[in-house]
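The values are calculated or read from the model by the stated rules, or taken from the named source; none is laboratory data. None of the values given here were measured: they were computed from a predicted structure. Cβ placement follows ideal geometry from the backbone for every residue including glycine, while neighbour counts extend to all protein chains displayed.
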């Protein structure tokens, strides 16, 4: 719902936690507040999730197998950059071409003062992928927190009202995470294809995405969900979130495959790897039933050797998943608004502790999601 208070005065400059040099801590900078152009909408950020992708950006590269690296600068990323792509905030200004319908509450508009979650994976708006609504597959993305300043700043713009999602009744600290963990999980689950409620599904990794996947699968009516991780504390969290079985996979791939299959009672119809090291990918593929599907989500740089004849005889599928599209975000938010999706465990952190939050995530000390909360939230 829109705020009853008048919109705040918009400053010309703002503070932002930015990557100024790859491999170094974030720096708190004064940067201009963007002036919304055309159909852009200016958002005052109140909540920003802290994601492993932010760590990759801070580091400056993705690992490609054992030796190679793919550098962010080769993707066109420039510095300084305020990271953060799980964003929620209040609408404070419009570009000159924002329609009256997009400003109105009726029909899902975004009036001044309204709180909205942000779809961050914005495309160019002109290519075939964008026309189909698949911004996440655009080759000229304008992702918030990567190519444009993101939620670790106090103000950001979005290109159009269609990238703003109401979160009526959903805790804003939870709702902001649906811009990455929520939509990514739903997109990956859909790639598993039609599943019966008792078909066993294996989720590798019980971090923020792995826990979110348990909730989304249960919200969709699934009953046979097994979580694998190397950390007992995270497996306990998975059980608490509703996993029907858990597997500690720290004893090597062969032993993990045996345990996972015993827990399920059969090989798996679907496996989602939220980690994607070489051992987790090998575990995922080895656990597949005939005709099973493996969806790769994590970007920790593993490699997988596949014997192609056995791929054919097993009729198995390996598919990558890069986040999700705006429809995925709207759908996962609706599950939450309708009370079907259990909230992901979140820990709120003051915005001024952005570096400490990144360090905690890097050390693997986080269960669920850390969410930065700006003092300007006003709650």
Residues in the range 18-45 that are surrounded by 13 or more Cβ atoms within 10 Å (Cβ to Cβ), touching a helix residue (DSSP H, G or I) at 6+ places or on another chain (Cβ under 8 Å) and in a loop (DSSP other than H, G, I, E, B) total 4
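Name the residue that is farthest from the chain's Cα centre (by Cα), counting only residues in the range 236-265 that are at positive phi and surrounded by fewer than 14 Cβ atoms within 10 Å (Cβ to Cβ). Walk me through how you get there before you give the answer.
Narrowing the range 236-265 to residues at positive phi: 242, 252, 265.
Still in the running and surrounded by fewer than 14 Cβ atoms within 10 Å (Cβ to Cβ): 252, 265.
Details: 252: 28, 265: 31 Å.
Out of the qualifying residues, it is 265.
Checking the condition under 26 Å from the mean Cα position of the chain (by Cα), at negative phi and in contact (Cβ under 8 Å) with a residue 24 or more places away in the chain, which residue from 139, 112, 88 passes?
On the way: 139 fails: in contact (Cβ under 8 Å) with a residue 24 or more places away in the chain; 112 fails: under 26 Å from the mean Cα position of the chain (by Cα).
From the options 139, 112, 88, the qualifying one is 88.
Provide a single number: the residues in the range 55-70 that are outside any helix (DSSP H, G or I) and touching a residue at least 24 places away in the same chain (Cβ under 8 Å).
Taking the range 55-70 first, the residues outside any helix (DSSP H, G or I) are 60-70.
Of the ones still in play, those that are also touching a residue at least 24 places away in the same chain (Cβ under 8 Å) are 60-66.
Here the count works out to 7.
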Filter pass, residue 208 being in contact with a strand residue (DSSP E or B) (Cβ under 7 Å, 6 or more places away or on another chain), surrounded by fewer than 23 Cβ atoms within 10 Å (Cβ to Cβ) and in contact (Cβ under 8 Å) with a residue 24 or more places away in the chain
no
From the list 228, 153, 161, which one is buried (at least 18 other Cβ atoms within 10 Å of the Cβ), touching a strand residue (DSSP E or B) at 6+ places or on another chain (Cβ under 9 Å), on the phi < 0 side of the Ramachandran plot and in the same structural domain as residue 275 (by TED's automatic domain parsing)?
228
Given the conditions (1) touching a strand residue (DSSP E or B) at 6+ places or on another chain (Cβ under 7 Å); (2) farther than 22 Å from residue 319 by Cβ, report the number of the one that residue 262 does not fulfil.
(1)
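Tell me the residue from 103, 73, 69 that is over 27 Å from residue 276 (Cβ atoms) and surrounded by fewer than 23 Cβ atoms within 10 Å (Cβ to Cβ), please. Can you show your working first?
Details: 73 fails: over 27 Å from residue 276 (Cβ atoms); 69 fails: over 27 Å from residue 276 (Cβ atoms).
Of 103, 73, 69, the one residue that is over 27 Å from residue 276 (Cβ atoms) and surrounded by fewer than 23 Cβ atoms within 10 Å (Cβ to Cβ) is 103.
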Residues that are more than 22 Å from the chain's Cα centre (by Cα), assigned to a helix (DSSP H, G or I) and either surrounded by 14 or more Cβ atoms within 10 Å (Cβ to Cβ) or in contact (Cβ under 8 Å) with a residue 40 or more places away in the chain (or both), drawn from the range 312-331:
314
Can you confirm whether the range 193-201 contains a residue that is in contact (Cβ under 8 Å) with a residue 60 or more places away in the chain, surrounded by fewer than 23 Cβ atoms within 10 Å (Cβ to Cβ) and in a helix (DSSP H, G or I)?
no
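Of 93, 48, which residue is under 30 Å from residue 368 (Cβ atoms), at pLDDT 95 or above and outside any loop (DSSP other than H, G, I, E, B)?
Working: 93 fails: under 30 Å from residue 368 (Cβ atoms).
One residue alone meets the criteria, 48.
For the range 115-136, name all the residues that are free of Cβ contacts under 8 Å to residues at least 60 places away in the same chain and either in contact with a strand residue (DSSP E or B) (Cβ under 9 Å, 6 or more places away or on another chain) or closer than 21 Å to residue 176 by Cα (or both). Reasoning before the result, please.
Filtering the range 115-136 down to residues free of Cβ contacts under 8 Å to residues at least 60 places away in the same chain leaves 122-132.
Listed by number, the residues that qualify are 122, 123.
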Residue under question is residue 283, and the condition is that it be in contact with a helix residue (DSSP H, G or I) (Cβ under 9 Å, 6 or more places away or on another chain), assigned to a loop (DSSP other than H, G, I, E, B) and in contact (Cβ under 8 Å) with a residue 24 or more places away in the chain; does it hold?
no
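Which one is farthest from residue 363 (Cα to Cα) among residues in the range 222-277 that are assigned to a helix (DSSP H, G or I) and touching a residue at least 60 places away in the same chain (Cβ under 8 Å)?
Residues of the range 222-277 that are assigned to a helix (DSSP H, G or I), as a first pass: 232-241, 253-264.
Okay, now just the ones that are also touching a residue at least 60 places away in the same chain (Cβ under 8 Å), so 233-234, 237, 241, 264.
Numbers: 233: 14, 234: 14, 237: 18, 241: 23, 264: 31 Å.
The selected residue is 264.
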Residue 188 meets each of (1) at pLDDT 95 or above; (2) assigned to a loop (DSSP other than H, G, I, E, B) with one exception, condition (2)
Exactly one condition in (1) touching a helix residue (DSSP H, G or I) at 6+ places or on another chain (Cβ under 9 Å); (2) not in a loop (DSSP other than H, G, I, E, B) is not met by residue 298; state its number.
(2)
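Across the range 173-192, what is the total count of residues that are more than 24 Å from residue 320 (Cβ to Cβ) and surrounded by fewer than 20 Cβ atoms within 10 Å (Cβ to Cβ)? Don't jump to the end; show me each part of the working.
Step one: filter the range 173-192 for residues more than 24 Å from residue 320 (Cβ to Cβ), giving 173-176.
Adding the requirement that they be surrounded by fewer than 20 Cβ atoms within 10 Å (Cβ to Cβ) leaves none.
Qualifying residue count, the range 173-192: 0.
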